[in-house]
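The values are calculated or read from the model by the stated rules, or taken from the named source; none is laboratory data. Just so we're clear, the structure is a prediction, and the values are computed from it rather than from any experiment. Cβ sites come from the backbone with ideal geometry, for glycine too, and all protein chains shown count toward neighbours.
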Amino acid sequence: MRVLLAASWWTEFWEAFKDEIGKIKFFDVSHIGEEIRHGILQWQGSFTLGGRKFLITDAIIVTWIAVFLGGLLFIWLGHKRDKLPGARQSLMESLINLMLGLCKNYGMNDEQAEKVVPMIGTIGIFLISCNTFSIFKLPPPAKNIAFPFAMAIFAIIYVAVMSIRFVGIKGFASTFLDPKAFMLPFKIIDFFIKPVSLALRLFGNVFGAFILMEFVSIVIPIFLPGVLSLWFDLFDGILQAIVFCYLTTSYIGEAIESAHVMKERKEEKLKAQAEKEAANATAGVEA
């Protein structure tokens, strides 16, 4: 009796499944443009507080969710250090050592690296939280062009502040004259291009992956979106966060290295000038 009931249930399930599959229109591109447009447009709402109206978008909501979840992840990874580290503590220490090594590779000493790593790690965890939300069918904040530019402006300000802290205002200013003084206008342009490059790289990759996944979900809604989502929603989001942190670190290291080079050149020039003056003085005495 149970076998007959199971067979009957399976038959009904299979027929219903085939009917639902039959309703799906594979490669139906008749309204693809409108559906993708609907997918990429951000949701907007508003609320009134104290008689003032405030705009709220999906990017703002997802960003605050990412801040909350990223904070919980940070706390979970960093709390309760043991003498015999477990898997969680080992992972955190490995990531910290990796970031410390990256900073040292760019010319920072131990003290400088230890000051930079906390902020770089925070930016990384925040961006990973934001970029990977699309795997849950939530729009990543970086598909709104304002988010990448805000992150890039914050990053370049942080680069300038830390560079000045490490090499001083004069040292930081001297980096715009490396290797020659005539490079000044180009160095200034390069400094302002850096945040634009950071923003467009983050926006382009996240937005492009989001559009691709929307397209695939509309055209081939079964199986393929789940497979591609592992890369475009998860690994690509993590990769873009790593690239953003890597470039931010490299900009600080570049300023430190350039300031040191300019300082060494100045010292060598002064030394050569002093030796020349000493040689002239000796020649004058002998004469």
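Going by the conditions given, is Ser250 closer than 30 Å to Ala181 by Cβ, among the polar types (S, T, N, Q) and modelled with pLDDT of 85 or more?
So Ser250 passes the test.
Determine which single condition Ile123 fails, assuming it passes every other condition in (1) crowded, with 20+ Cβ neighbours inside 10 Å; (2) closer than 26 Å to Phe166 by Cα.
All conditions are met except number (1).
Please pick out the residue among Leu138, Leu198, Leu127, Leu202 that is touching a residue at least 12 places away in the same chain (Cβ under 8 Å) and assigned to a loop (DSSP other than H, G, I, E, B).
Leu138
Evaluate the following for Ile256: is it β-branched (Val, Ile, Thr), at pLDDT 75 or above, in a helix (DSSP H, G or I) and farther than 30 Å from Lys143 by Cβ?
Details: β-branched (Val, Ile, Thr): yes; at pLDDT 75 or above: yes; in a helix (DSSP H, G or I): yes; farther than 30 Å from Lys143 by Cβ: yes.
Against the criterion (β-branched (Val, Ile, Thr), at pLDDT 75 or above, in a helix (DSSP H, G or I) and farther than 30 Å from Lys143 by Cβ), Ile256 qualifies.
State whether one or more residues within region 98-106 are modelled with pLDDT of 75 or more, touching a helix residue (DSSP H, G or I) at 6+ places or on another chain (Cβ under 8 Å) and in a loop (DSSP other than H, G, I, E, B).
yes
Taking the options Gly208, Gly168, name whichever one is part of a helix (DSSP H, G or I), modelled with pLDDT under 85 and not charged (D, E, K, R).
The unique qualifying residue is Gly208.
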